[in-house]
Structures are given as C-alpha cells and as structure tokens.
Amino acid sequence: MRNKRQSAEKLMQRIFFSIAGASIAILFLIMVFLFMEGLPIFGVVSVGDFLFGHYWYPTSDPPDFGIFPLIIASVSVTALSSVFAIPLGVMTAIYLAELASKRVAEIVKPTVELLAALPSVVIGFFGMVVVAPFLQDVFDIPTGLNLFNSALMLAFMSIPTICSLSEDAIYSVSPGLKEGSLALGATRWETILRVILPASISGISTAVILGMSRAIGETMVVLMVAGGAGMIPESIFSPVRPLPASIAAEMAEAPFRGDHYYALFAIGIVLFVFTLLFNLVADFIAHKYRQVGEASL
Amino acid sequence: MKKVSNLLAMAVGLAMVVNVSAASAANIVMKGSTTVLPIAQEVAEAYMKENPDTKITISGGGSGNGIKAIIDGTTDIGNSSRFIKDKEVKLAVEKGTYPVPFAVAYDCIIPVVHPSNNLSDISMDQLKAIYQGKIRNWKEIGGPDKEIVVISRDTSSGTYEVWEGKVMKKERVYPGALLQASNGAVVTGVAKNENAIGYIGIGYLNDQVKALTVGGIEGTKETTLNGKFPVSRALYMFTRGWPDGDTAKFLNYVMHPDQGQKYVEKSGYVPLY
C-alpha cells in the first residue's frame with residue numbers, strides 16, 4: 001500500500017517535470033530558430049548598418065536594411081503609451097485596493113479586466129475608424145494614424161496588465177503596516193503615499209514593466225494605427241512604423257530564406273532582446289526591492 | 001459592411017502562412033508570384049471541386065522564384081507578375097527547357113483620393129513627385145492648402161511592385177509615406193482622411209473613395225485590356241515547354257471565360273475578356 005502511494009507520487013513528479021521541461025525546451029528551440037533565421041543577414045549588412053541605418057527598403061535594388069527609424073518608432077510608441085498607462089493603471093489599482101467600496105470594486109475590476117479580453121484587432125479597428133478621424137479634426141493634423149494614436153491604443157491594452165498586477169501587489173501589503181500607520185495618526189492619504197506604495201513598489205514596478213513589454217511586442221494595433229511611415233518621427237503626431245508592424249506586413253510575402261526574410265527575423269531578434277531586457281529588469285526589481293517583513297520599511 | 005470584411009480579410013491574411021499545400025498522388029504543382037496567388041487559389045479550388053482526383057499544390061515565394069522553379073523543373077506551373085527576362089530564358093534553354101508564357105489576367109492599379117477631393121485627374125509625373133515626397137501640398141496641383149497624406153503599400157506586395165515599376169520608374173517611395181498592409185486598409189485609410197491619396201487594385205474600388213484618371217485616362221477593364229491605362233500589367237503562368245496532360249487541362253480551365261476567368265474578377269483583377 002505504502003509502496004503504491006510512493007510510486008504514484010514519483011510518477012506524478014516525473015510527469016510534471018517533463019511537462020515543465022517540454023515548455024522550456026520548446027521556448028529554447030524557438031529561440032534557436034529565431035537566431036538561425038536572423039543571423040545570416042549580418043553577412044549582407046553589418047550590425048551597425050542594420051541597427052543604425054536610416055533607410056528600410058528591403059525589396060529595392062540594391063536593398064537597404066536600416067532599422068533605426070523602426071527602433072525609434074517602437075521605443076517612442078512604448079514610452080508615450082506608458083505615460084498614459086502607468087498613472088491610469090496604478091491609480092486605478094490604488095483606488096480598487098484601498099479606496100473603493102466592495103460593491104464598486106466588484107463592478108470596476110471586471111470591467112478593467114474586460115479591456116484585456118478585447119482582441120487587439122478590435123482595438124486597432126477602433127483606433128483606425130473612430131480615433132484617427134477624431135484626432136485629425138481636433139488637432140488639425142494631416143493624418144490621425146500616428147504615434148499618438150497608437151500609443152493611446154497600446155495604453156488601453158497595457159492598463160489591464162498594469163492595473164491587475166499592481167492591485168495584487170497593493171492588496172498583499174500586510175494589514176499590520178497599514179493599521180500601524182493609521183494608528184500613529186497618519187491620514188489615509190499619507191498611509192497610501194508613505195506606507196502602502198513603498199511597500200508594494202516592487203510589485204508595481206514589475207506590473208509596469210510587464211505592461212510595457214506587452215506594448216512593445218504588440219503587432220496588430222501598431223500595424224493598423226501607427227501609420228507605417230519608415231522615418232524618424234518629428235512630433236508625437238508623426239506617422240511611425242514600429243518593429244512588429246514591419247514584420248507582420250512583410251513576412252507573408254518575403255521570399256523564403258532570402259535577404260529580406262533574414263532581415264525580418266533579425267528584427268525579431270531585436271524585439272526579443274528588448275522584451276528580454278524588460279523581463280530581466282522586472283525580475284531584478286522584484287528581487288532587489290522586495291519588502292520582506294515589516295521592519296525594513 | 002464591406003469595410004469590416006476587408007479588415008477581417010486583412011487579419012486573416014496576416015495570420016495565414018502563404019503556403020497552401022495539399023499532399024496527394026497525381027497532382028499539379030504551382031509556385032511563384034504572390035500577386036497571382038489569389039487567382040491561383042480561387043481557380044484551383046474550383047477546379048479541384050470539379051475534378052476530385054486532381055490535386056493542385058500552390059505556394060508563393062515571388063515571381064523570381066516561380067520562374068526559377070520552371071527553369072529548375074521543380075514545378076509544373078510558375079506564376080509570375082512580370083514577363084520572363086532574357087537572362088532567364090537563356091538559362092532555361094541551357095538547361096534544355098523552353099518556358100511558355102500564358103497571360104491569365106491583368107492587374108490594374110488605380111490612384112484614389114477622398115470623395116471630397118476636387119481633383120479628378122492626375123499626371124504620371126505628379127504621381128511620381130507626390131510619392132517621392134517632392135509635392136507635399138495639394139495646392140501645388142490645384143487643390144486646397146493642405147498637406148498631402150501619402151498612403152503606400154508594404155514593399156513586398158505585388159501592388160507596390162506595379163507602382164514602383166510603372167509610376168516610380170524604380171525610384172523609391174519616400175520614407176514619410178504611410179504604409180498599409182492590404183488594399184482594404186488603403187481604402188479605409190483614404191476614406192477616413194480627406195488629405196489622403198492611395199492606390200488600390202481595381203477590384204477594391206468602391207464609393208468610399210474617388211478614383212482619379214491618370215493623364216485623362218480612366219482605369220477600367222477596357223483601358224487596361226487595350227493597354228491605354230498606364231498603371232497596369234499582365235499576370236502570367238509559365239510552363240515548361242508547351243503544356244500537356246493535367247497541366248494543359250488546368251490552364252484551359254483558367255483561361256475559359258465562364259470558368260477560371262470568373263474567379264479572376266472575384267479576386268480583384270481584370271479578366272482577359
């Protein structure tokens with residue numbers, strides 16, 4: 001009897017180990033594939049020309065493979081969208097975790113999370129058909145398909161991530177800290193600002209960075225609303241073409257294993273490096289600033 | 001509704017890998033131009049429905065690859081959106097084969113603007129200057145004092161290829177041009193922006209956008225077929241030598257006005273008749 005239980009235990013452990021191992025192995029193989037298909041382009045152009053070249057004309061003769069405007073586009077769209085998403089996301093989280101009455105929270109929270117359930121193509125369509133003409137009229141700009149519009153749409157997409165992860169972080173601050181602060185005569189506002197936020201800062205930072213890495217990798221929205229001009233933006237109302245948009249628009253018709261194909265995979269590598277960095281930073285912050293116990297605040 | 005379906009088509013198109021293949025015994029293999037691909041798919045589907053024992057395998061890869069496959073003998077039919085080059089004919093003859101071209105459809109690209117635009121005709125030179133970024137304001141060509149929003153296609157599309165070849169004469173479209181990934185998206189982009197100019201395949205024209213005449217010539221089926229409309233070209237299917245057997249039967253089907261040519265129009269191109 002005891003033996004049977006033990007062997008069942010062992011068996012389960014092995015099954016779970018192989019499942020976990022399989023997902024890691026698959027991820028690793030995808031990475032290997034990405035590098036295998038992307039690196040050959042550097043036999044045609046140098047890494048410097050690829051990263052800092054100003055012209056992206058992969059199909060003309062001779063072709064130009066410079067992705068600097070695309071990198072700038074991705075970075076600026078992500079940065080601008082965090083300007084919208086971080087305050088909105090974090091403040092919503094604070095409201096939900098600390099201020100809202102139970103009934104309000106029960107309505108607001110699922111609504112915010114519903115935003116995450118919207119498929120990106122729907123958000124893109126909304127940006128293209130509703131927001132773009134609106135921006136055009138209000139700001140009197142030549143086109144509403146631009147950096148500002150796509151940053152706004154991406155903010156919609158990263159708010160749920162930022163909000164729900166931050167809320168978890170804030171919610172899990174030990175009640176002792178909060179009660180202690182209130183007992184010492186601090187107001188609710190002071191408690192939130194001086195005690196709860198510092199105590200949950202690592203969780204909030206992780207939430208923000210994960211939200212940003214979602215924004216930088218998002219494809220459909222930027223393909224539809226960013227405009228797609230392959231030049232360095234002059235203002236926040238310039239049309240831009242972020243990295244994923246280029247891959248999505250061109251991959252289907254790039255000749256298999258041609259230079260253009262390799263170049264698109266190399267763009268994939270650049271994106272991969274970006275998100276990897278974001279995740280490493282998130283991990284670092286989560287460990288370094290983790291609030292352990294109540295004494296160290 | 002059309003707009004919605006265009007967008008859906010765009011999404012589906014993006015998600016799809018170009019390779020539409022089916023494994024089987026007695027079959028016809030087609031390779032090449034992604035411009036010809038929609039026609040090939042539509043016609044092949046209909047053909048296979050009528051001839052269930054024939055299987056047709058289609059893949060993309062571009063015109064150059066299609067012709068190369070004909071030369072190397074790795075395909076029965078090579079799709080191409082351009083005529084074969086002298087160099088390629090020479091190479092084929094050296095390898096002991098003679099490629100035979102069949103024009104199966106015409107591609108006609110029409111410049112479009114917002115319906116409120118008072119412009120109705122544009123010259124090839126003006127189009128080129130606009131897409132080079134040399135003309136940036138509508139008032140330079142007789143319109144209102146508004147910046148021109150130039151909408152172009154992704155550089156790997158067949159539509160862009162025609163535009164680059166016929167209008168730009170191999171010059172580059174300037175980097176400030178907006179990029180859209182499908183004909184449908186260009187229509188939406190132009191319909192939603194009164195400062196915009198774009199170009200689309202003739203099959204995508206609708207009343208949300210206004211078609212411009214080019215040098216006084218309207219882009220229609222007739223002007224495409226008689227060669228008057230400047231932004232048009234023939235689309236080809238190449239075979240290794242004169243086709244026989246299943247390949248010949250299929251090509252006959254493609255060229256037949258009531259069979260294959262019906263689907264040409266459905267895919268947004270100009271049929272032969």
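The values are calculated or read from the model by the stated rules, or taken from the named source; none is laboratory data. All of these numbers come straight from a predicted model, not from anything done at the bench. Counting neighbours? That spans all protein chains shown, and the Cβs are built from the backbone with ideal geometry, glycine included. Areas reflect the complete protein model, heavy atoms only, side chains present, ligands, DNA and RNA absent. Shrake-Rupley method; radii C 1.70, N 1.55, O 1.52, S 1.80 Å.
Structure values in brief
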| item | result |
| --- | --- |
| Residues (part of a loop (DSSP other than H, G, I, E, B), within 11 Å of chain B (Cβ to nearest Cβ) and free of Cβ contacts under 8 Å to residues at least 40 places away in the same chain) located in the range A:45-69 | A:S60, A:D61, A:G66 |
| Residues (within 14 Å of another protein chain (Cβ to nearest Cβ) and under 23 Å from A:A116 (Cα atoms)) located in the range A:138-160 | A:L145, A:N146, A:L147, A:N149, A:S150 |
| Filtered residue count, the range B:167-219, keeping only those that are away from chain A (no Cβ under 11 Å) and free of Cβ contacts under 8 Å to residues at least 40 places away in the same chain | 2 |
| Helices (runs of 4 or more DSSP H) fully within the range A:70-165 counting 3 or more residues that are under 30 Å from B:D145 (Cβ atoms) | A:132-139 |
| Test: A:S174 is buried (at least 20 other Cβ atoms within 10 Å of the Cβ) and among the small types (G, A, S) | no |
| Filter result for the condition that a residue is open to solvent by less than 10 Å² (accessible area, probe 1.4 Å) and on the phi < 0 side of the Ramachandran plot, over A:A215, A:A252 | A:A215 |
| Residue selected from the range B:146-173 under the condition under 16 Å from B:P230 (Cα atoms) and of a type in the set (D, E), by the criterion modelled with the highest pLDDT | B:E164 |
| The range B:131-147: number of residues that are buried (at least 21 other Cβ atoms within 10 Å of the Cβ) and touching a helix residue (DSSP H, G or I) at 6+ places or on another chain (Cβ under 8 Å) | 1 |
| Residue within the range A:97-106 that is more than 14 Å from chain B (Cβ to nearest Cβ), farther than 20 Å from A:Y171 by Cβ, surrounded by 15 or more Cβ atoms within 10 Å (Cβ to Cβ) and out of contact with any strand residue (DSSP E or B) (no Cβ under 8 Å at 6 or more places or on another chain) present | no |
| The range B:55-70: number of residues that are more than 14 Å from chain A (Cβ to nearest Cβ) and surrounded by fewer than 23 Cβ atoms within 10 Å (Cβ to Cβ) | 2 |
| Inter-residue pairs, beta-carbon under 7 Å, first more than 10 Å from chain B (Cβ to nearest Cβ) and in the range A:228-254, second open to solvent by 40 Å² or more (accessible area, probe 1.4 Å) and among the polar types (S, T, N, Q), 6+ apart | A:P244/A:T219 |
| In the range B:156-166, residue farthest from B:G32 (Cα to Cα) [restricted to those that are buried (at least 20 other Cβ atoms within 10 Å of the Cβ) and more than 11 Å from chain A (Cβ to nearest Cβ)] | B:W163 |
